[in-house]
Amino acid sequence: MDTSAALQLLEHGRIEVEGRLVDASNATLFCKISLDGVDAQCVYKPVRGERPLWDFPDGTLAGREVATYLISAASFGVVPPTVLRPGPFGSGMVQLWVDTREEDELVDIISVDDVKPGWIPVFHAHDRFGDPAVLVHADHPRIAEMSAFDVVVNNADRKGGHVLHALDGAVYGVDHGICLHTEPKLRTVLWGWAREPLPEQVVESLRRLRSELDGALGESLHDHLTRAEVRAVGERTDKLLAAGVYPEPSGDWPAIPWPAF
């Protein structure tokens with residue numbers, strides 16, 4: 001399904017709740033959505049099911065998810081189609097469900113001896129049995145895009161389980177409710193390229209985003225974010241372009257979310 005058709009379905013389709021994702025910290029409902037004979041699955045997160053966060057007092061988590069999608073859609077293309085609309089339990093975020101490849105993760109914790117070409121170590125630790133282990137992610141061009149995207153949106157919660165490898169080979173990131181704060185809050189499992197030069201494709205994506213922020217994208221973000229938060233997106237983009245390399249953890253904030261998955 002192309003993006004235009006997916007957005008039409010998400011915005012106007014009939015939502016039927018089929019279950020709840022119980023591991024989520026906020027109300028997250030698995031649903032069927034239908035329009036004119038077309039059916040798909042989606043995730044619906046009603047605003048009324050959000051738990052207030054003291055450090056994200058402005059707006060809603062649903063609005064931040066939609067704003068993050070708009071930023072992705074303008075340049076990076078790493079977030080599934082996402083809208084804000086009425087649903088069975090009130091207004092909320094509705095996002096197209098992504099079917100994934102089983103046992104084909106792009107982020108993993110493995111034995112030190114099992115690290116193979118095509119995987120980048122992030123940090124070393126010990127597993128639950130006390131044996132040496134290492135957090136790794138794939139050396140994949142779409143993960144490289146997502147890593148830079150997370151810097152721009154100031155993602156405070158990029159867990160391994162939030163990186164999806166779709167059946168068609170596409171790579172998506174989900175769960176962006178705690179992004180886009182004005183203060184540095186980046187926590188991610190995608191640190192493998194720290195201090196490495198940005199690939200040309202990533203630079204092109206950042207430049208395209210910077211141009212879009214000065215136009216319609218910047219205006220549309222104001223529906224979901226404060227003016228300071230929108231301004232901060234541009235500032236982070238400028239800083240990353242000027243540096244020309246992926247950042248490294250600052251040490252002022254936990255670098256990796258816990259749990260990591």
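The values are calculated or read from the model by the stated rules, or taken from the named source; none is laboratory data. Note that this is a predicted model, so its numbers are computed, not measured. Note that each Cβ is placed from the backbone with ideal geometry, even for glycine, and that neighbours are counted across all protein chains shown. In case anyone asks, the SASA skips ligands and DNA or RNA and just uses the protein heavy atoms, side chains included. Shrake-Rupley method; radii C 1.70, N 1.55, O 1.52, S 1.80 Å.
Suppose every K and R has +1 on its Cβ and every D and E has -1 on its Cβ; what is the size of the dipole of the chain about the Cα centre, in Debye to the nearest 20? Don't skip to the end; give the middle numbers.
Working: 24 positive and 40 negative charges, 137 e Å.
In debye, rounded to 20, the chain gives about 660.
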Considering the dipole of region 80-178 built from charges on the beta carbon (Lys and Arg +1, Asp and Glu -1) around the Cα centre, which of His176, Trp119, Leu106 is farthest to its positive end?
His176
Those GluC sites (Glu not before Pro) in region 176-219 that DSSP places in a loop and that have at most 13 other beta carbons within 10 Å
none
May I ask you to give the solvent-accessible area per residue for region 130-261, in square angstrom, as obtained with a 1.4 angstrom probe?
44 Å²
Find the relative contact order for region 18-131 and round it to a whole percent, using C-alpha pairs within less than 8 Å whose residues are 6+ positions apart.
20 percent
Return the carbon/sulfur percentage of the accessible area of region 95-235, one whole number, probe 1.4 Å, all protein chains in place.
48 percent
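Quick one: which of 170-176, 88-94 comes out on top by average Cβ neighbours within 10 Å, and what's the full order, highest first?
Numbers: 170-176: 21.4, 88-94: 19.6.
Going from most to least packed, we get 170-176, 88-94.
Counting heavy atoms of the protein chains only and a 1.4 Å probe, report the per residue accessible area for region 1-125 as a whole number of Å². Each step should come with its number before you reach the end.
Numbers: 6730 Å² over 125 residues.
Per-residue accessible area for region 1-125 comes out at 54 Å².
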Under 23 Å from Lys116, Cα to Cα: lysines that are on another chain or at least 8 residues apart
Lys159
Run the reach check for Lys32 against aspartates and glutamates, Cα to Cα strictly under 17 Å, same-chain hits fewer than 8 apart removed. What comes back?
Glu11, Glu16, Glu18, Asp99
Give me the percent relative contact order of region 198-256, please, defined on Cα pairs under 8 angstrom at least 6 residues apart.
43 percent
